Amino acid sequence: MTATTSAAAGAEQALRPHAEEAFAAELGALAAADDRPRPARWKLSPWAVATYLLGGTLPDGTVVTPKYVGPRRIVEVAVTTLATDRALLLLGVPGTAKTWVSEHLAAAISGDSTLLVQGTAGTPEEAIRYGWNYAQLLTHGPSRDALVHSPVMRAMAEGRIARVEELTRIPADVQDSLITILSEKTLPIPELGTETQAVSGFNLIATANDRDRGVNDLSSALRRRFNTVVLPLPASAEDEVEIVSRRVGQIGAGLDLPAAPRGADEIRRVVTVFRELRGGVTEDGRTKVKSPSGTLSTAEAISVVTNGLALAAHFGDGVLRAGDIAAGILGAVVRDPAADRLIWQEYLETVVRERDGWKDFYRACREVSS
Ligand SMILES: Nc1ncnc2c1ncn2[C@@H]1O[C@H](COP(=O)(O)OP(=O)(O)O)[C@@H](O)[C@H]1O
Ligand SMILES: [Mg+2]
């Protein structure tokens, strides 16, 4: 019976495996090759964690794929912070891989990226501290057994990394419950006259969106507990093309779509359009363009290309073409139907139309815009 159950469970693959599962082979090879000192309860040394994020080749020939494409120093500072008594705050505009980096850091350091609190305007204190199992509480009164541990509390007790997503969206008074946790490394449980103390290995990664600043800005008391690392937009078009191709390849493999390289020119095109509209100027620096209201992040470029590939696979010949990405681009650019549409049309007529080799793309965009 047991065998059948586990075989059946094994056959079902999670739609999106956690980083520690998806990259278990790389993490295992890194652990085997890693002879540097590891902080208490870390699965890898800081050097190996940074290599996991940035990629590299191990002495035994194992290739570690880059997860984060960007300045090496940023990753080194982030990893180092987690080995100190300060927590890590990843800050940046949407789509700069804050969530992605946080997941991979937790996976590499603790082997577990699931101790996660999603911050929203409605996040209650119980999500960060603890709650109660009311059935237990009513029949047996307050006791340790009646406690419902939050992911942060579990991370403290087990010496792992906890993650808090979108910290600045959480109401200020709820945010402040993190202060004692981060400064005293303890979580008092006044109802039981006791506490949960963090064991070594515990730390916390929070992410926050630049554009939310001011919504529930961090109190200075809380901010002091964090070392802030700002994740930038990709520095060059080449970097951004690489990020998009790599992610699209991974996502496409999960969806049984053809591998990305067929249609690499279109990826380049999506990235160019996004960068020009974001930056307000064409790549050659000659023509000024207006920026639309959307973020046009790398993450959105990834989803435009993935959708395009799915279109090409299901309704075309599998090769990504201009017609497969035009609608996706339009959807990403035109968020505000009035102002953004004008900006897009102006960009189409003044930049896209004149560009060598972009006729097919111009036509495809005209078709979906009308
Ligand atoms: N510099 C980068 N290196 C690698 N991947 C990136 C980079 N920037 C963006 N991405 C990709 O963008 C996607 C979205 O990132 P995400 O972590 O959700 O953004 P954020 O949390 O900052 O809004 C991820 O799939 C990630 O792979
Ligand atoms: Mg995020």
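All of (1) in contact with a Ser or Thr (Cβ under 7 Å, 6 or more places away or on another chain); (2) in contact (Cβ under 8 Å) with a residue 12 or more places away in the chain; (3) not basic (Lys, Arg); (4) not in a strand (DSSP E or B) hold for residue 37 with one exception: (2). Apart from one condition, residue 254 fits all of (1) farther than 18 Å from residue 334 by Cα; (2) within 14 Å of ligand 1 (Cβ to nearest atom); (3) among the small types (Gly, Ala, Ser); (4) without any contact (Cβ under 8 Å) to a residue 60 or more places away in the chain; the exception is (4).
Of these, 14, 33, 24, which one is of a type in the set (Gly, Ala, Ser), away from ligand 2 (no atom under 16 Å from the Cβ) and either at pLDDT below 95 or not assigned by TED's automatic domain parsing to the domain that holds residue 198 (or both)? The unique qualifying residue is 14. Taking segment 148-189, which residues are among the hydrophobic types (A, V, I, L, M, F, W, C) and more than 22 Å from residue 114 (Cβ to Cβ)? Residues satisfying the conditions are 172, 179, 189. Of all residues in segment 225-242, exactly one satisfies the criterion of being surrounded by fewer than 15 Cβ atoms within 10 Å (Cβ to Cβ), assigned to a loop (DSSP other than H, G, I, E, B) and under 15 Å from the mean Cα position of the chain (by Cα), namely 232. Being of a type in the set (Phe, Trp, Tyr), more than 15 Å from residue 207 (Cβ to Cβ), more than 16 Å from ligand 1 (Cβ to nearest atom) and in contact with a helix residue (DSSP H, G or I) (Cβ under 7 Å, 6 or more places away or on another chain) is a property that does not hold for residue 52.
Given the structure, is residue 208 in the same structural domain as residue 39 (by TED's automatic domain parsing), within 16 Å of ligand 1 (Cβ to nearest atom), part of a strand (DSSP E or B) and in contact (Cβ under 8 Å) with a residue 40 or more places away in the chain? For residue 208, the condition - in the same structural domain as residue 39 (by TED's automatic domain parsing), within 16 Å of ligand 1 (Cβ to nearest atom), part of a strand (DSSP E or B) and in contact (Cβ under 8 Å) with a residue 40 or more places away in the chain - is met. The set of residues in segment 301-343 being among the acidic types (Asp, Glu), part of a loop (DSSP other than H, G, I, E, B) and under 28 Å from the mean Cα position of the chain (by Cα) consists of 336 alone. Which ones in segment 109-124 are under 15 Å from residue 163 (Cα atoms) and not hydrophobic (A, V, I, L, M, F, W, C)? Passing the criteria: 110, 111, 112, 113, 114, 118, 119, 120, 123. Annotation note: Cβ proximity below 6 Å between a residue of segment 13-34 that is touching a residue at least 24 places away in the same chain (Cβ under 8 Å) and surrounded by 14 or more Cβ atoms within 10 Å (Cβ to Cβ) and a residue that is assigned to a helix (DSSP H, G or I) and of a type in the set (Ser, Thr, Tyr) (sequence gap 6+ or interchain) occurs for 30/52. When residue 113 is tested against (1) in contact with a helix residue (DSSP H, G or I) (Cβ under 7 Å, 6 or more places away or on another chain); (2) more than 19 Å from residue 152 (Cβ to Cβ); (3) not in a strand (DSSP E or B), exactly one condition is not met: (2). On inspection, residue 174 passes the criterion of being farther than 18 Å from residue 85 by Cα and either touching a Ser or Thr at 6+ places or on another chain (Cβ under 9 Å) or crowded, with 24+ Cβ neighbours inside 10 Å (or both). In the set 127, 40, 106, 78, only one residue is surrounded by fewer than 16 Cβ atoms within 10 Å (Cβ to Cβ) and under 24 Å from residue 153 (Cβ atoms); that residue is 40. Restrict the check to segment 143-154 and report whether at least one residue is closer than 30 Å to residue 73 by Cα and part of a helix (DSSP H, G or I). Within segment 143-154, one or more residues are closer than 30 Å to residue 73 by Cα and part of a helix (DSSP H, G or I). In segment 290-304, the residues that are assigned by TED's automatic domain parsing to the domain that holds residue 269 and of a type in the set (A, V, I, L, M) form Cβ pairs under 9 Å with partners that are in a loop (DSSP other than H, G, I, E, B) and within 9 Å of ligand 1 (Cβ to nearest atom), at six or more places apart or across chains, as follows: 296/95; 299/94; 299/95; 299/96; 299/97; 301/95; 302/95.
Sub-7 Å Cβ pairs linking a first residue in segment 58-77 that is within 15 Å of ligand 1 (Cβ to nearest atom) to a second residue that is among the aromatic types (Phe, Trp, Tyr) and assigned to a loop (DSSP other than H, G, I, E, B), at least 6 apart or interchain, are 75/68, ordered by first then second residue. Examine segment 134-151 for a residue that is over 21 Å from residue 102 (Cβ atoms), surrounded by 13 or more Cβ atoms within 10 Å (Cβ to Cβ) and aromatic (Phe, Trp, Tyr), and state whether such a residue exists. No; the residues of segment 134-151 include none that is over 21 Å from residue 102 (Cβ atoms), surrounded by 13 or more Cβ atoms within 10 Å (Cβ to Cβ) and aromatic (Phe, Trp, Tyr).
The values are calculated or read from the model by the stated rules, or taken from the named source; none is laboratory data. Source: prediction; values computed, not measured. Cβ atoms come from the backbone with ideal geometry, glycine included; neighbour counts cover every protein chain shown.
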